[in-house]
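In what follows, a structure is listed as structure tokens, so that the remarks can point back to it.
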Amino acid sequence: MWLNCHASSYSISNFNACEKHNEESEEGKGNYLGIKLSMFSVLLKSQCKCVFCWELDLVCVYDQVWDDELEKSATYWAEQCQWEHGPKDLLMSIGQNLAVHWGRYRSPAYHVQAWYDEVKDYTFPYPHECNPWCPERCSGPMCTHYTQLVWATTNRVGCAVHTCPRMNVWGEIWENSIYLVCNYSPKGNWIGEAPYQHGRPCSQCPPSYGGGCRDNLCYKEPERHESPDMNEVEKPQEPVQPRTTPTKPQPKPSLPQKPAKANPSSTKTTRTTYLAQNIKCETKMRDKCKGAACNRYNCPGNCLNKKGKVWGTLYYDVQSSICRAAIHYGIIDNNGGLVDVTRKDNFPFFVKATKNGVESFSKYKPGNAFTVSRVEEQTIDCYTTVAEICPFKASTSHCPRVFCPANCINEPSYWAPVVGSNIYGDGSSICRTALHAGVIKASGGYVDLLALDKRKSYTGTLKNGIQSESKTNTEGGSFRVFAVRE
């Protein structure tokens, strides 16, 4: 049963939107929606499963899973009791469907069914009609709730319901109205695109799904399950009057910036990682870790007269002091600073020289070596990518330390995309990637970059108010972002 409580919030979770098609009969379109309810502490959560599927061969439609971050953002917006899409600064990040009612009881399934029932007014654009853009064919007031519900690449959903004491709905004040907000990711309703493709079901599922296919949907093992005895199935009711969302295809929102009254438990703790390692004047190259993330060091001041020895010129033996080798080569002075290093295995010999007040020694036998280079700093905009300023190279791929401006979080994803999570496609916006990863705040700041080789696939996630994209078989390299110590 659905619970209504004045000024309290409840949540519904996990509904799987699928599209199938019965070629023998168009009457197979409107079947029913099942709601599985279970009580967990204060929250009412349910799993909503689409079983009103009409048989259409689909290349790649994802089984949807519940997303806690989307639930949090939906809860935040439902509690604002505003009959419009929002928050406005995140309307380009995710998709969103809204519904509201007052008076007699309506279950969440009632509204979700009403969204789906827009299918009766929607005509699917076939491939030959999309040249290059697909026509929008909706014979009713609106079809975008339905298309977001079944959008092929949308694989996560989070919803919330809130009782609003007073809510302005198109100029009328509704008292004790029940407000339903569902947020979707990745977003759908892209203008000029069809919600799904024709073809063999599950034939284009991403590699990250491991070949999983269930009910003709790309399927991953869910993170949580509900037992059958916790489920209650509800049959559909008549569609609601114009009490659903007022907007058209523009993609829509999620995770808001932390509001003043947000629950502290909704804030995730981010572990800060740095590319630049603080070292001492005597630190030797051989004592430091190897690997792509072990090549930038921050030297202290006053290393000129320290005891750390240096072997070689230009190419230095790994037993050399990193900071004194950097002074020897002229990368830094006695005030210290940042140094990038590049390793070289099995160098034949090392030649002594006295440069910049540092005397190096000779070594006439082979050994592992390294070179040093200056770390450049560069101010960039919200759209700059790693592919533009430091694409990956197998031999050496040192990137500048960049400074991001404020408010890149407000840039739309189609101008400043973010692809991946933890490791990102190098066509991503550097600054929005840094925001996604949590290494800078909305006010901007410095970011260290590490260019990496290409990846076969990238998995999108919703972090810090930014939804990243999932992609496979992309061109170009990849990269990571790191915080800079203040």
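The values are calculated or read from the model by the stated rules, or taken from the named source; none is laboratory data. The structure presented is a predicted model; accordingly, all values stated were derived computationally and were not measured. Cβ placement follows ideal geometry from the backbone for every residue including glycine, while neighbour counts extend to all protein chains displayed. Heavy atoms of the whole protein, side chains included, go into the accessibility calculation; ligands, DNA and RNA do not. Shrake-Rupley method; radii C 1.70, N 1.55, O 1.52, S 1.80 Å.
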On a 24 Å Cα-Cα criterion, which of the cross-link pairs K88/K463; K290/K454; K393/K463; K441/K463 come out too long? K393/K463
Sort 75-81, 296-302 for me by packing, meaning the mean count of neighbouring Cβ atoms within 10 Å per residue, highest on top. 75-81, 296-302
Per residue, what accessible area does region 92-195 have, given a 1.4 Å probe and all protein chains present, in Å²? 38 Å²
Shape verdict for region 277-374, please, from the Cα gyration tensor: rounded (a/c under 1.5), prolate (a/b greater than b/c) or oblate. oblate
Would you mind getting the Kirkwood hydrodynamic radius of region 134-201 from its Cα pairs, rounded to one decimal in Å? 14.5 Å
Leaving out ligands, DNA and RNA, what percent of the accessible area of region 373-470 is carbon and sulfur, probe 1.4 Å? 50 percent
Starting with the highest mean, order 118-131, 427-440 by the number of other Cβ atoms within 10 Å, averaged over the residues of each peptide. 427-440, 118-131
Heavy-atom accessible area per residue of region 377-483, all protein chains kept, 1.4 Å probe, expressed in Å², is 42 Å²
Taking 0.36 nm per intervening residue step and subtracting the Cα-Cα distance, what contour gain separates E175 from N368 on full extension? 61.9 nm
What shape does region 87-131 take by its C-alpha gyration tensor, where a ≥ b ≥ c are the square roots of the eigenvalues and a/c under 1.5 counts as rounded, a/b above b/c as prolate, and the rest as oblate? oblate
For region 377-483, the Cα gyration tensor yields equivalent-ellipsoid semi-axes (√(5λ), largest first, whole Å) of 19, 17, 11
For region 299-445: rounded, prolate or oblate by the Cα gyration tensor [a/c cutoff 1.5]: prolate
So, in nm, how far is label K393 from label C294 when the simple model puts each one 7 Å beyond its Cα toward the Cβ? 2.3 nm
Ranked highest first by average number of other Cβ atoms within 10 Å, how do 412-421, 286-295 line up? 412-421, 286-295
